[in-house]
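Taking it in order: structure first as structure tokens, then the write-up.
Bear in mind these aren't lab numbers, they're just calculated from the coordinates by the rules spelled out. Everything numeric here is computed off the predicted structure, so don't read it as measured data. Every residue, glycine among them, receives a Cβ derived from its backbone with ideal geometry; neighbour counts consider all protein chains shown.
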Amino acid sequence: MSRRPPTPSDLPLEALRDQYQRLLQRLEANEREFRRLGRSVLRVQEDERRRLARELHDGLGQNLTALKHRLARIGDGLTPAQAALRDQLDAAIALCGDTLEDTRELSRLLRPPILDDLGLDPALHWLARTVGESSGLAIAVEVEALPVLEGDVETLMFRIAQEALHNIVRHADARNVLVRVVARGGLLQLQVVDDGRGCDPEIAQASGGSGLGGMRERLRLHEGHLQLHASPGNGTRLRAVVPLENPPGTASSAAPA
């Protein structure tokens, strides 16, 4: 008669502990690999955004600029008797100028050069100014002194702030917004606070159109998390937190106000 395989109840406690530890280690290793692969995917996406932005600016943008100058030179050669043709040419130049500005704006939105050239602080000020001018929102930005941040973390926080501001423009009916970034207790923390109509956090997080799920997944890949505090009529506070690789030695453990 064949013997049955051993069950957990047949194993000594120490062996069960060893099995549990090995299983836990495998799960942790798989989770680390998942986060690494996820960050790699996001990095590829940002690299593609950077490439497309550069092509729009340096390729299409330069061609539109050259076309606008050529049309202007043609207009310089027209006689007063060709007034009707000049009007058509002026309209073409204006259309070319508008298209050039739209192309530059799309290039900046895909991947603002200021983020790569100057870092998170100037990029957030640019974002606030751009969104504020187009929406009428009064957006204040406060960035305390930060340690040197990895490029992926700067991109992460910029994208979270970008999505949060776009959500406010679309849904919040707010007039004032505060974007605040601090490094405290080994954590990098981004807060976006508005004085809009607020929401039910459970409904907002269940909604596919809010973008909160995407923010949460991005943060999870960096071992971070997202918090949403809101109630109808009382505005919304979004808080994104990620651990710092090299926390400043004098950082306080207090949370931002």
First select every other residue whose beta carbon is under 12 angstrom from the beta carbon of G77; then total the charges, Lys and Arg +1, Asp and Glu -1. +2
Between helix 212-221 and the chain: long-axis angle, C-alpha atoms, 0 to 90°, nearest 10: 60
Please give the calculated 222 nm ellipticity per residue for the chain, where each DSSP H segment of at least 4 residues contributes -39500 (n - 2.57) and the sum is spread over every residue; nearest 500 deg cm²/dmol? -18500 deg cm²/dmol
Overall dimensions of segment 1-111 by Cα: Rg and Dmax, Å: 33.1, 111
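Over its Cα atoms, what ratio of radius of gyration to 2.2 N^0.38 Å does the chain give?
Values: Rg = 26.2 Å, N = 257, 2.2 N^0.38 = 18.1 Å.
For the chain, the normalised Cα radius of gyration comes out at 1.45.
Tell me the Kirkwood radius of segment 119-243: reciprocal of the mean inverse pair distance over distinct alpha-carbon atoms, in Å. Spell out each step's value before the answer.
Working: mean 1/r = 0.0690 Å⁻¹.
Answer for segment 119-243: a Kirkwood hydrodynamic radius of 14.5 Å.
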By how many degrees, between 0 and 90 and to the nearest 10, does the Cα long axis of helix 13-55 differ from the longest principal axis of the chain? 0
Can you check what the net charge comes to around V141, using other residues whose Cβ is under 12 Å from the Cβ of V141 (Lys, Arg +1; Asp, Glu -1)? -1
Relative to the longest principal Cα axis of the chain, at what angle does helix 83-110 sit, 0 to 90 degrees, rounded to 10? 20
